[in-house]
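What follows is a set of notes on a single structure, which appears directly below.
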Amino acid sequence: GAVVSQHPSWVICKSGTSVKIECRSLDFQATTMFWYRQFPKQSLMLMATSNEGSKATYEQGVEKDKFLINHASLTLSTLTVTSAHPEDSSFYICSAPTRGGTEAFFGQGTRLTVV
Amino acid sequence: DAKTTQPTSMDCAEGRAANLPCNHSTISGNEYVYWYRQIHSQGPQYIIHGLKNNETNEMASLIITEDRKSSTLILPHATLRDTAVYYCIVRVAVGGAQKLVFGQGTRLTINP
């Protein structure tokens, strides 16, 4: 089946630094990818829609200048958390729907801890 | 906002059928019902989806009421590895791509 891979699985960074998370569709092309954030004991919250070759679409309340999204190819989207702070510590998950398909596949998630 | 409501938690004995309900009373005629589950600290896993007919695959069965206002996910022989949070989602289409909006889900615990 289709596979979506995220890297890294976990990262610890210092406050004020930036962290890049990669999301790859391994055996299919994804013109659209979605980025979610999940705090402990809470559900997934959609942050933004990543569109290949164009600007991402952000959900209300998500700072686009803080969470930079780049979707430079049909198999790779990146999320960069800029000037990270402890409150940005969370589980970040990407998703990619198969083209014309009925399923969306999720990456394994990236646990970010900002110290 | 999620368009579904689910019980917060459920328990089921190992080997028995686990029946997880979901209400989606405002579902539109062209919207599908999707079920995903999330095992602790992992990304969600697709289980099954349906429009109006009942569906079955190797993981589960999905029963959708005739008025489509509710559905039930059935895990026929639950195992300890089925312990997870189960999400019922009504798909919102975005230019053909699937924008999945998650509700709070049901935390299913399978007991030995």
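Please give the FRET efficiency for A:T80 paired with B:S41, using the beta carbon to beta carbon distance and R0 = 30 Å, rounded to the nearest 0.05. For A:T80 and B:S41, the calculated efficiency is 0.85. Taking the protein assembly as shown as a whole, the Cys residues whose C-beta sits 4.7 Å or farther from every other Cys C-beta are A:C13, B:C12.
With a threshold of 31 Å on the Cα-Cα distance, the over-threshold entries among A:K20/B:K52; A:K14/A:K41; A:K41/B:K69; A:K20/B:K69; A:K55/B:K69 are A:K20/B:K52; A:K20/B:K69; A:K55/B:K69. Using C-alpha pairs below 8 Å separated by at least 6 residues, the relative contact order for chain B is 37 percent. Simple rule: put +1 on each Lys or Arg Cβ and -1 on each Asp or Glu Cβ in chain A, find the dipole, and look at A:V11, A:S95, A:L74; the Cα lying farthest toward the positive end is A:V11. When Rg and Dmax are taken over the Cα atoms of segment B:28-112, they come to 13.2, 45 Å. As a ratio to 2.2 N^0.38 Å, the alpha-carbon radius of gyration computed for the protein assembly as shown takes the value 1.02.
With contacts taken as Cα pairs under 8 Å at a separation of at least 6 residues, segment A:2-69 carries a relative contact order of 21 percent. Normalised by the number of residues in chain A, the average gap of Cα pairs under 8 Å and 6 or more apart makes the relative contact order 37 percent.
Using Cβ point charges alone (K and R +1, D and E -1), the dipole size of chain B about the Cα centre works out to roughly 200 debye. Using only Cα coordinates, the Kirkwood hydrodynamic radius of segment A:12-83 works out to 12.9 Å. The GluC sites (Glu not before Pro) found in segment A:9-80 that occupy coil by DSSP, while having at most 12 further C-beta atoms within 10 Å, are A:E63.
Rule-based calculations on the coordinates, nothing more; no lab input. This is a predicted model, so every value here is computed, not measured. Cβ atoms come from the backbone with ideal geometry, glycine included; neighbour counts cover every protein chain shown.
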